[in-house]
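Enquirer: Before I ask anything, let me first share the structure, which is written out below as structure tokens.
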Amino acid sequence: MTRHFLRDDDITPAEQAEILDLAAQLKRDRFAAKPLAGPQTVAVIFDKSSTRTRVSFAVGVADLGGSPLIISTASSQLGGKETPSDTARVLERMVSAIVWRTYAQTGLEQMAAGTTVPVVNALSDEFHPCQLLADLLTIRERRGSLAGLTLAFLGDGASNMAQSYLLAGATAGIHIRIASPAEYAPDDDVVVDATAIATQTGGSVTLYTDPAEAVAGVDVVVTDTWVSMGKEEEKAERLAVFGHYRVDAELMALAGPDALFMHCLPADRGYEVTADVIDGPQSVIWDEAENRLHAQKALLVWLLEKNAA
Ligand code: CP
Ligand code: NVA
């Protein structure tokens with residue numbers, strides 16, 4: 001069975017640690033691995049906008065000796081005229097992996113079910129697992145290890161970032177706290193899955209509506225846009241309810257004394273986070289962005305190895 005990476009919990013705790021170790025190794029020695037030498041091609045498909053994901057996959061595939069093929073869905077047959085599985089059946093004849101940023105998770109599942117090459121979720125409405133590998137690498141660099149840390153995500157609890165934090169954080173043994181308005185709480189199924197994983201790893205999952213309560217004493221404070229891609233029409237109603245969850249200096253002061261501030265970017269300064277916090281000494285956003293490159297390279301190396309075995 002082909003291994004894919006569609007959700008954070010597609011990998012076990014041991015596999016997650018293995019990928020993070022490999023990422024750290026590739027960060028130290030950037031051109032050490034060339035599994036795509038040939039060059040083999042990786043298709044990187046975008047239904048939504050991107051800066052970091054596009055550049056980090058393009059550069060990462062090239063670093064691994066391969067050739068990235070960046071495809072904008074609007075100028076392809078995918079979506080309008082062709083199903084994800086038919087597209088995958090064609091691509092697998094020519095490429096070594098498929099990376100896709102899309103809307104519904106079900107599209108990724110259909111693509112993965114229809115192909116023998118690994119499919120990687122480069123962000124869906126439900127999850128952003130590549131970002132989480134980068135985020136965990138960043139936290140590990142600063143704190144040495146992950147298990148037992150406490151992390152609070154503030155804002156849209158039903159967003160891809162919050163839900164990936166639940167699954168990936170639980171996999172890493174982190175105590176994950178999500179603070180959101182009740183109507184933007186994470187999906188029940190994701191909470192159940194994350195809680196089950198946390199039971200195995202020693203982490204935990206707690207949902208809050210009060211941001212102050214959620215950040216009390218934590219090691220890491222995370223936020224993300226209140227208006228994810230695809231939700232633009234809901235902007236006014238979202239801005240009306242999320243104001244209370246803005247990460248500002250006052251809220252950061254309630255976290256642990258050396259708490260890290262993280263944001264996957266792009267950020268709306270003045271909305272989900274104030275400029276003094278995101279541009280301040282506790283913020284690790286630039287390392288977090290750089291680590292997309294190293295983490296995704298490690299993921300590709302690992303997937304190619306697993307699927308060759
Ligand atoms: N964080 C992230 O995925 O950024 P892009 O949307 O620029 O790819
Ligand atoms: N939650 C954001 C992440 C962007 C990288 C979105 O989906 O737009």
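Enquirer: Length gain on complete extension for the stretch TYR103 to THR51, per 0.36 nm per residue less the alpha carbon to alpha carbon distance? Let's see the in-between values first.
Expert: Values: separation 52, 0.36 × 52 = 18.72 nm, distance 1.69 nm.
Here the answer is 17.0 nm.
Enquirer: For ALA37 and ALA14, what does the FRET efficiency come to when R0 = 35 Å and r is the distance between their Cβ atoms, rounded to the nearest 0.05?
Expert: Working: r = 28 Å, r/R0 = 0.80.
Once the sixth-power term is evaluated, E becomes 0.80.
Enquirer: According to a simple spin-label model (label point 7 Å from Cα along Cα-to-Cβ), what is the distance in nm between ALA182 and ALA62?
Expert: Simple spin-label model gives 5.2 nm for this pair.
Enquirer: How much accessible surface does ASP279 have with a 1.4 Å probe, in Å² rounded to 10?
Expert: Accessible surface of ASP279 is approximately 90 Å².
Enquirer: OK, next. Run the simple label-point estimate for GLU290 and ARG269 please: 7 Å along Cα→C-beta, distance reported in nm.
Expert: Placing both labels 7 Å along Cα→Cβ, they lie 2.1 nm apart.
Enquirer: So which of LYS27/LYS306; LYS48/LYS306; LYS27/LYS231 end up more than 31 Å apart, counting from Cα to Cα? It would help to have the intermediate numbers written out before the result.
Expert: Working: LYS27/LYS306 21 Å; LYS48/LYS306 29 Å; LYS27/LYS231 35 Å.
Over 31 Å Cα-Cα: LYS27/LYS231.
Enquirer: Okay, next question. Find how many whole Å separate the alpha carbon centroid of the stretch 90-165 from the alpha carbon centroid of the stretch 216-292.
Expert: Answer, in whole Å: 19.
Enquirer: Follow-up question, since we're still on this one. If R₀ is 35 angstrom, what is the calculated FRET efficiency for the pair ASP86 and ASP29, using the beta carbon separation as r and rounding to 0.05?
Expert: Values: r = 40 Å, r/R0 = 1.13.
The calculated FRET efficiency here is 0.30.
Enquirer: Still on this structure, please answer the following. Using modelled backbone amide H atoms (1.01 Å from N, in-plane), which distant-in-sequence or interchain residues come within less than 5 Å of LEU69's amide H?
Expert: So LEU69 has HN proximity to VAL42, ALA43, VAL44.
Enquirer: Could I ask something else about it? So, for the chain, what is the accessible surface per residue at a probe of 1.4 Å, expressed in square angstrom?
Expert: Normalised by residue count, the accessible surface of the chain is 41 Å².
Enquirer: Can I ask one more? So what does log10 I(q)/I(0) come out to for the stretch 205-309 at q = 0.14, 0.15 Å⁻¹, using the Debye formula with one equal point on every Cα and no solvent?
Expert: -0.66, -0.73
Enquirer: Sticking with this one: To the nearest 20 debye, what is the magnitude of the charge dipole of the chain about its Cα centre, counting +1 on the Cβ of each Lys and Arg and -1 on the Cβ of each Asp and Glu? Mind showing how you got there, number by number?
Expert: Numbers: 25 positive and 42 negative charges, 256 e Å.
Using Cβ point charges on Lys, Arg, Asp and Glu, the chain gives about 1220 debye.
Enquirer: Then there's this: Might you work out the accessible area of SER76 for me, using a 1.4 Å probe with all protein chains in place, and round it to the nearest 10 Å²?
Expert: Counting only protein heavy atoms, SER76 exposes about 40 Å² to solvent.
Enquirer: Rounded to the nearest 20 debye, what is the charge dipole size of the stretch 51-141 about its Cα centre when +1 sits on each Lys and Arg Cβ and -1 on each Asp and Glu Cβ?
Expert: Working: 7 positive and 9 negative charges, 45 e Å.
Around 220 debye, computed over the stretch 51-141.
Enquirer: Something else now. I'd like to know which of VAL241, PHE153, LEU137 lies farthest towards the positive end of the charge dipole of the stretch 125-254, counting +1 on Cβ of Lys and Arg and -1 on Cβ of Asp and Glu.
Expert: LEU137
Enquirer: List every residue whose amide H lies under 5 Å from the amide H of TRP226, counting only residues 5 or more places away in sequence or on a different chain, with H placed 1.01 Å from N in the peptide plane.
Expert: Amide H to amide H, under 5 Å and 5 or more residues apart or across chains, TRP226 pairs with GLU272.
Enquirer: Starting from the eigenvalues of the Cα gyration tensor, five times each then square-rooted, give me the equivalent ellipsoid semi-axes of the stretch 38-171, largest first, whole Å.
Expert: That gives 28, 18, 13 Å for the three semi-axes.
Enquirer: Taking the Cα centre of the stretch 263-309 as origin, work out the dipole magnitude from +1 charges on Lys and Arg Cβ and -1 charges on Asp and Glu Cβ, in debye rounded to 20.
Expert: On the way: 4 positive and 8 negative charges, 67 e Å.
Here the size comes out at about 320 debye.
Enquirer: Over the chain, what percent of the accessible surface lies on carbon and sulfur atoms, probe 1.4 Å? List each step's numbers first, then the result.
Expert: Details: 6460 of 12530 Å².
It is 52 percent, rounded to a whole number.
Enquirer: R0 = 51 Å: FRET efficiency of GLU234 with ALA147, Cβ-based, nearest 0.05?
Expert: Numbers: r = 36 Å, r/R0 = 0.71.
The formula returns an efficiency of 0.90 here.
Enquirer: Which three numbers, in whole Å and largest first, are the semi-axes of the equivalent ellipsoid of the chain derived from its Cα gyration tensor as √(5λ)?
Expert: Details: eigenvalues 191, 91, 63 Å².
Those come to 31, 21, 18 Å.
Enquirer: Using helices alone, what [θ] at 222 nm do you get for the chain, with -39,500 (n - 2.57) per DSSP H run of 4 or more residues, divided over all residues and rounded to the nearest 500?
Expert: -13000 deg cm²/dmol
Enquirer: Then there's this: For the stretch 63-145, run through the trypsin sites (Lys or Arg not before Pro) and keep only the ones in DSSP coil with at most 15 other Cβ atoms within 10 Å of their Cβ. Could the numbers behind the result be given before it?
Expert: On the way: sites: LYS81, ARG89, ARG93, ARG101, ARG140, ARG142, ARG143; in loops: LYS81, ARG93.
Those satisfying the criteria are LYS81, ARG93.
Enquirer: Right, another one. For every other residue with a beta carbon closer than 11 angstrom to the beta carbon of PRO84, add +1 if it is Lys or Arg and -1 if Asp or Glu, then tell me the sum. The partial results should precede the final answer.
Expert: Numbers: positive: ARG89; negative: ASP47, GLU82, ASP86, GLU109.
Summing Lys/Arg as +1 and Asp/Glu as -1 gives -3.
Enquirer: When the scattering of the stretch 120-233 is computed by the Debye formula from its Cα atoms alone, each counted once and equally, what is log10 I(q)/I(0) at q = 0.10, 0.23 Å⁻¹?
Expert: The Cα Debye sum returns log10 ratios of -0.25, -1.38.
The values are calculated or read from the model by the stated rules, or taken from the named source; none is laboratory data. What you see is a predicted model, and the numbers here were worked out from it, not measured in a lab. Counting neighbours? That spans all protein chains shown, and the Cβs are built from the backbone with ideal geometry, glycine included. Surface accessibility is based on the protein's heavy atoms, side chains included, excluding ligands, DNA and RNA. Shrake-Rupley method; radii C 1.70, N 1.55, O 1.52, S 1.80 Å.
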